[in-house]
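Computed from the coordinates by the stated procedures, all read-outs in this text should not be read as laboratory data. Just so it is clear, the structure is predicted and the values come from calculations on it, not from any experiment. When we count neighbours, we look across all protein chains shown, and the Cβ atoms used for this are built from the backbone with ideal geometry, even at glycine.
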Amino acid sequence: MLRTVKILSMDFVLLFAAISLTNRIPIEQPEVNFQDLVRSGAVIIDVRTGKDYRKGHIHGAINIEMAKLRTERIQMDTSLVYITYCYMGVSSVEAVDILKGQGFNHVYNGGGINHLKKELRKK
């Protein structure tokens, strides 16, 4: 007897994508105090789509979509500190990898937007 399984939400698909991606891209980084980085002038990069960015983003963040990161060389100062974030934290990992491959030495994964917001609000 053949059974079919219906996925009731995208959560499973996103979880599978996250597991697959993290098996290919290293996500290890030293413990980071994101508040200190931002106070010191770190640039926050939102790698979500422009539409998602316009719906709401972290104050002061710039938007560079993943599609652009994947296909274009980013023209920014490689000596500055950058923090990437996305919706859930998967694309931000890939963004760190891409930027480091382009010569950016000080790039940190901020994870998903809600995680980074929480980190930036810590007392």
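Annotation: aspartates and glutamates with alpha-carbon distance below 14 angstrom to LYS122 (same-chain offsets under eight excluded): ASP36. Between ARG54 and VAL32, the simple label model (points 7 Å from Cα in the Cβ direction) yields a spacing of 2.8 nm.
Assuming charge only on the beta carbon of Lys and Arg (+1) and of Asp and Glu (-1), the dipole of the stretch 33-121 about its Cα centre is about 280 debye to the nearest 20. With respect to the cross-link table entries LYS68/LYS118; LYS55/LYS118; LYS55/LYS100, which display a Cα-Cα separation exceeding 20 Å? Among LYS68/LYS118; LYS55/LYS118; LYS55/LYS100, the Cα-Cα distance tops 20 Å for LYS68/LYS118; LYS55/LYS100. For the stretch 33-121, the relative contact order comes to 32 percent (Cα pairs under 8 Å, sequence separation of at least 6). In terms of overall dimensions, the stretch 33-121 has a Cα radius of gyration and Dmax of 11.7, 33 angstrom. Highest-first packing order for the peptide set 53-65, 73-85, 30-42, 91-103 is 91-103, 73-85, 53-65, 30-42, based on the mean count of other beta carbon atoms within 10 Å.
The length gained by stretching the chain between ASN114 and LEU80 to full extension, at 0.36 nm per residue less their Cα-Cα distance, is 9.9 nm. Phi-derived couplings, Karplus 6.51 cos²θ - 1.76 cosθ + 1.60 at θ = phi - 60°, listed residue by residue for the stretch 35-50: 4, 4, 4, 5, 4, 8, x, 4, 9, 9, 10, 8, 9, 6, 5, x Hz, with x used for Gly and Pro. Suppose R0 equals 41 Å; then what is the FRET efficiency for GLN102 and LYS123 from their Cβ-Cβ distance, rounded to the nearest 0.05? Computed FRET efficiency for GLN102 and LYS123: 0.70.
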